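Chemist: First the structure, then my questions, so here it is.
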Amino acid sequence: MATPLPVRVLFVEDAADDVGLLVRTLQAGGFSVDWTRVEDAAGFCAALGSAAWDVILCDFSMRRFDPHQALAALRERGLDIPLLVVSGVIPESTAVALMKEGARDYVLKDNLPRLVPAVTRELRDAIARREARDAHRVMRRSESFFRTVIEHVSDLIAVTDLNGTILHIAPSVERIVGRNPEDLVGTYFLDLIVEADREASAAKLQALGAGPGVRAVSEVRFARGDASERLLECAATSFVTPAGDAAIVVNARDVTDRRAQERQLRETSSREEAAQRERLEAESALQQSEARLRQAQKMEAIGRLAGGIAHDFNNLLMAILGYGEIVAEQIGDHPAAGDVEQILEAGRRAAALTRQLLAFSRQQTLAPEILCPNDVVGDIAQLLGRLLGHDVELRLDLEQDVADIKVDRGQLEQVLMNLAVNARDAMPEGGTLRIATRSIVLGAETAAAAGTTPGAHVLLDVADSGAGMDAATMARIFEPFFTTKEKGQGTGLGLATVYGIVTQSGGGVEVESSPGLGTVFRVYFPAMQRPSPAQVADVEPSSG
């Protein structure tokens with residue numbers, strides 16, 4: 001038989017028979033028991049001073065003394081003696097509370113087979129703690145220089161065994177995480193870490209056991225006694241002590257404030273970057289506004305010039321045509337009658353050009369009327385179809401109950417004709433021309449881009465699938481006599497006439513185009529009736 005293991009037990013029990021039962025249980029489990037029984041506070045305190053006890057077995061239901069008082073007496077004396085609560089019955093909540101106060105375990109008297117393994121475990125753990133403290137004291141005595149250095153470092157420095165039991169820890173732990181370094185010796189280093197980070201830290205600790213020189217680096221959150229957290233940058237390295245034992249040294253630097261400053265710097269940088277986008281957008285908007293203003297001023301100047309020339313030239317043409325018609329009547333069948341007719345025809349063509357110039361310069365006489373744009377588009381659709389030819393498909397997308405507009409009907413037809421001709425010329429190999437109407441409400445930005453005022457409008461959307469235009473061409477399309485066609489193929493007044501008619505009617509024009517992607521002309525006329533609530537929104541018209 002194995003030699004019984006000696007154990008010194010202090011029983012806190014008021015029933016002698018129960019003590020006998022507990023002693024016999026321990027003896028049957030392989031212990032040689034040296035014991036004393038006490039049953040009140042005075043006897044307990046006296047016994048603590050009379051011998052070095054290995055374990056305390058304390059009954060829960062005594063009348064004059066209880067485990068709470070026993071644990072308090074141990075804490076007052078700074079004694080690390082494992083105390084196990086032994087009771088016939090104990091509420092689970094009470095047992096948990098006693099464990100939090102320092103009790104190592106509890107054993108019910110109707111389950112005494114648990115007593116031997118519980119005592120064995122606590123004796124082993126107590127020995128481990130005592131050895132750790134002894135090693136700590138030896139280390140402190142033999143390495144005074146090391147101790148002096150460690151005690152003055154600002155980082156948290158700890159030495160543990162391979163299981164993570166703290167052998168030594170620098171006083172800086174009190175400043176960083178609010179824990180007394182003396183109380184931490186013999187405890188587990190991982191208990192200092194917040195629960196959410198323990199699993200990953202335990203894996204790194206296990207990896208350090210592979211041999212000396214293994215290093216692990218991570219950022220870990222440590223729990224302070226006031227329930228706050230500190231973020232520490234930890235570097236752990238395994239090594240061999242002068243005594244030949246494997247150990248781990250942990251150097252942890254508090255980076256909580258630094259990381260907070262870095263986050264604040266990043267946030268500040270992000271805000272500055274956001275402000276710089278905003279600034280660029282504002283500058284871009286300003287540049288676009290200035291460009292629109294310059295374009296409007298240019299068109300106004302060109303319009304005044306064209307109007308002045310057209311007005312004076314029209315007066316001359318009226319005289320030429322008048323005298324030409326008189327000559328034609330007087331010469332009758334004279335051989336020169338054909339030449340006079342050619343003069344009159346050229347004059348008539350010149351008069352048509354001057355009318356277009358007057359339309360562009362907004363100096364022509366209009367006869368506006370309130371009408372439905374759908375009616376005008378429907379009436380002229382057949383003529384537009386013949387004008388476009390069989391290889392261009394005309395599609396109408398007319399909004400039902402679209403608002404009325406006030407415009408010269410003939411001039412609106414001229415706008416549609418000119419835009420259709422322009423689209424046909426952009427689709428020499430065929431394509432699609434879509435004419436749509438829509439009631440919308442323009443916001444300030446869209447209205448400014450179109451050269452009109454915010455509010456309720458009717459959109460006349462004319463979109464082709466033709467060759468499209470580049471930016472340089474789009475910047476000049478409304479200028480009189482500007483054309484991309486070959487000499488003799490066009491006057492360059494078609495779109496200029498569109499611009500003049502629309503602006504003279506109080507509306508505006510916007511163009512969207514890209515090479516190879518077709519062109520969309522958006523013509524806006526002020527609406528003469530309030531749109532429905534569903535239409536009241538600052539919507540951007542579709543280019544499809």
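Chemist: Can you give me the ranges of the strands (runs of 3 or more DSSP E) entirely in the stretch 33-129 with at least 3 residues that are in contact (Cβ under 8 Å) with a residue 24 or more places away in the chain and surrounded by 14 or more Cβ atoms within 10 Å (Cβ to Cβ)?
Modeler: Once the strands (runs of 3 or more DSSP E) in the stretch 33-129 are filtered for at least 3 residues that are in contact (Cβ under 8 Å) with a residue 24 or more places away in the chain and surrounded by 14 or more Cβ atoms within 10 Å (Cβ to Cβ), what remains is 55-59, 83-87.
Chemist: Still on this structure, I have one more. Here are some residues: R129, R141, R133. Which one is in contact with a Gly (Cβ under 8 Å, 6 or more places away or on another chain), over 17 Å from V240 (Cβ atoms) and modelled with pLDDT under 80?
Modeler: R133
Chemist: I'd like to check which strands (runs of 3 or more DSSP E) are fully inside the stretch 155-257 and have at least 1 residues that are of a type outside the set (A, V, I, L, M, F, W, C), touching a residue at least 12 places away in the same chain (Cβ under 8 Å) and under 26 Å from L79 (Cα atoms).
Modeler: So the answer is 156-160, 166-169.
Chemist: Restricting to the stretch 185-237, what's the tally of residues that are out of contact with any helix residue (DSSP H, G or I) (no Cβ under 8 Å at 6 or more places or on another chain), of a type in the set (V, I, T) and surrounded by fewer than 16 Cβ atoms within 10 Å (Cβ to Cβ)?
Modeler: Residues in the stretch 185-237 being out of contact with any helix residue (DSSP H, G or I) (no Cβ under 8 Å at 6 or more places or on another chain), of a type in the set (V, I, T) and surrounded by fewer than 16 Cβ atoms within 10 Å (Cβ to Cβ): 2 in total.
Chemist: Something else: Within the stretch 425-459, which residues are part of a loop (DSSP other than H, G, I, E, B) and modelled with pLDDT under 85?
Modeler: G451
Chemist: Let me ask something else about it. Give me the pairs, please: first residue somewhere in the stretch 470-499 and closer than 14 Å to N422 by Cα and part of a helix (DSSP H, G or I), second residue anywhere and at pLDDT below 70 and open to solvent by 50 Å² or more (accessible area, probe 1.4 Å), beta-carbon distance under 7 Å, and either six or more positions apart or on two chains.
Modeler: What qualifies is T473/T484.
Chemist: Under the condition of being buried (at least 19 other Cβ atoms within 10 Å of the Cβ) and touching an Asp or Glu at 6+ places or on another chain (Cβ under 8 Å), which residue from the stretch 160-180 is nearest to I248 (Cα to Cα)?
Modeler: Only one residue tops the list, namely D161.
Chemist: Just to be sure before I move on: is D155 in contact with a Lys or Arg (Cβ under 7 Å, 6 or more places away or on another chain) and surrounded by 14 or more Cβ atoms within 10 Å (Cβ to Cβ) in the structure I sent?
Modeler: When the stated conditions are applied, D155 passes them.
Chemist: Considering only the stretch 506-518, how many residues are open to solvent by less than 10 Å² (accessible area, probe 1.4 Å) and among the β-branched types (V, I, T)?
Modeler: 0
Chemist: Would you call V462 in a loop (DSSP other than H, G, I, E, B) and either open to solvent by less than 50 Å² (accessible area, probe 1.4 Å) or within 16 Å of G378 (Cβ to Cβ) (or both)?
Modeler: no
The values are calculated or read from the model by the stated rules, or taken from the named source; none is laboratory data. Note that the structure is a prediction, hence the values are computed from the model and not measured. Neighbour counts are summed over all protein chains in view; Cβ atoms, including those assigned to glycine, are modelled from backbone coordinates with ideal geometry. Only protein heavy atoms, including side chains, enter the accessible area calculation; ligands, DNA and RNA are left aside. Shrake-Rupley method; radii C 1.70, N 1.55, O 1.52, S 1.80 Å.
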